[in-house]
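Encoded as structure tokens, the structure appears first; notes follow it.
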Amino acid sequence: MTAYLHGFIPEEQQRLMDQAGVLGSLIYPRIDFGGCKKLLEIGSGVGAQTETLLRLFPDLQITCVDYSQSQLDRAKQNLAFAGDRVRFVCQDAKELILEEKYDSVFICWALEHIPNSHLVLEAMKPYLLSDAKLWFTEVFNSSFYFNPPLEGLSKYYVAYNEFQQSLGGDPDIGANLGNLLLQAGYSQIELFHGGFHLDQRNSEELRKITQYWKGLMKSAGSGMITAGLISDGDLLAMEKDLDIIAEDDNAVFFYHFVQISATV
Ligand SMILES: C[S@@+](CC[C@H](N)C(=O)[O-])C[C@H]1O[C@@H](n2cnc3c(N)ncnc32)[C@H](O)[C@@H]1O
């Protein structure tokens, strides 16, 4: 198993649950699995998105694939309410061996972590029914803009993205999804953008998202310190700067992720 940016400690597992709540209203308005019965979720983690999918699409049976048994163990607890609507498979998504075929696929914040992620797109193909509906949501970290300019946050963000790249991930994979799916032979590919453009007009949301962002950034902190990319002081500076943005009269917090829909 390759190293993973956010790690698997219980606090991180809880962060994924909280994250799904904070971002859900941005992720789900477009996603449509209407008419689908069997969904393959790749990189399902602790089942945070699965819970939403089960609720939004009551006819879906979902197979959760993750390469971490500890994530799946936590997902089993979180999704116990769903009974046999959920199955769990512990596999590397680049080397899938599945027993069924699926009419839908959902991936959220997972391809960004997988080196050679095109191999995932190849690996799932034999298990997709014709006309299967795909919906992916992925990061586009170069889109991040904030005001006022703050050295601590800037420095930390550069190190965060470099750390992800050093693990074989791609912090800008959202921007490249179109080409990735095209080259893997998928069709009817459509791209959408979602995210935040916050300022003091929506001060409550600005505070909520800067707090969320702090947790996201911090989740890679111990790995970055161990890798010698940042110090404890750098981590504190990043947190302090996000608090400054939340209160600044001229604050701007902008970030876009990318969603893609496609079929086989
Ligand atoms: C940021 S989490 C996202 C989890 C979930 N999709 C969500 O949005 O809450 C990424 C997940 O991808 C899993 N993952 C990373 N590389 C993987 C691989 N090669 N095969 C399967 N799962 C992988 C990690 O274990 C982790 O649970």
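The values are calculated or read from the model by the stated rules, or taken from the named source; none is laboratory data. All values reported here derive from a predicted model rather than from experimental measurement. Every residue, glycine as well, gets a Cβ built from its backbone with ideal geometry; the counts of neighbours run over all protein chains shown. When the accessible area is computed, the model is the full protein with side chains, heavy atoms only, and any ligands, DNA or RNA have been set aside. Shrake-Rupley method; radii C 1.70, N 1.55, O 1.52, S 1.80 Å.
Could you grab the pairs with beta carbons closer than 6 Å, sequence gap of 6+ or different chains, first residue in segment 66-82 and within 16 Å of Asp18 (Cβ to Cβ) and at pLDDT 95 or above, second one small (Gly, Ala, Ser) and near the ligand (Cβ under 9 Å from one of its atoms)?
Once the first residue is within 16 Å of Asp18 (Cβ to Cβ) and at pLDDT 95 or above and sits in segment 66-82, its partners that are small (Gly, Ala, Ser) and near the ligand (Cβ under 9 Å from one of its atoms) give Gln71/Gly45; Ala75/Gly47; Asn78/Gly47.
Considering only segment 107-121, how many residues are under 14 Å from Ala262 (Cα atoms) and more than 9 Å from the ligand (Cβ to nearest atom)? So that I can check it myself, show each step before the final result.
Within segment 107-121, the first condition is being under 14 Å from Ala262 (Cα atoms), and the residues that meet it are 107, 121.
In the following step, the residues that additionally are more than 9 Å from the ligand (Cβ to nearest atom) were identified as 121.
So the count comes out to 1.
List pairs: first residue in segment 38-64 and within 9 Å of Ala75 (Cα to Cα) and of a type in the set (Gly, Ala, Ser), second residue outside any helix (DSSP H, G or I) and within 8 Å of the ligand (Cβ to nearest atom) anywhere in the structure, Cβ distance under 7 angstrom, at least six positions apart or on different chains.
The qualifying pairs are Ser44/Val65; Ser44/Asp66; Gly45/Asp66.
Please count how many residues of segment 212-238 are more than 17 Å from Val158 (Cβ to Cβ) and of a type in the set (Val, Ile, Thr).
1
Looking at segment 22-56, which of its residues are within 11 Å of the ligand (Cβ to nearest atom) and open to solvent by 60 Å² or more (accessible area, probe 1.4 Å)?
Glu51
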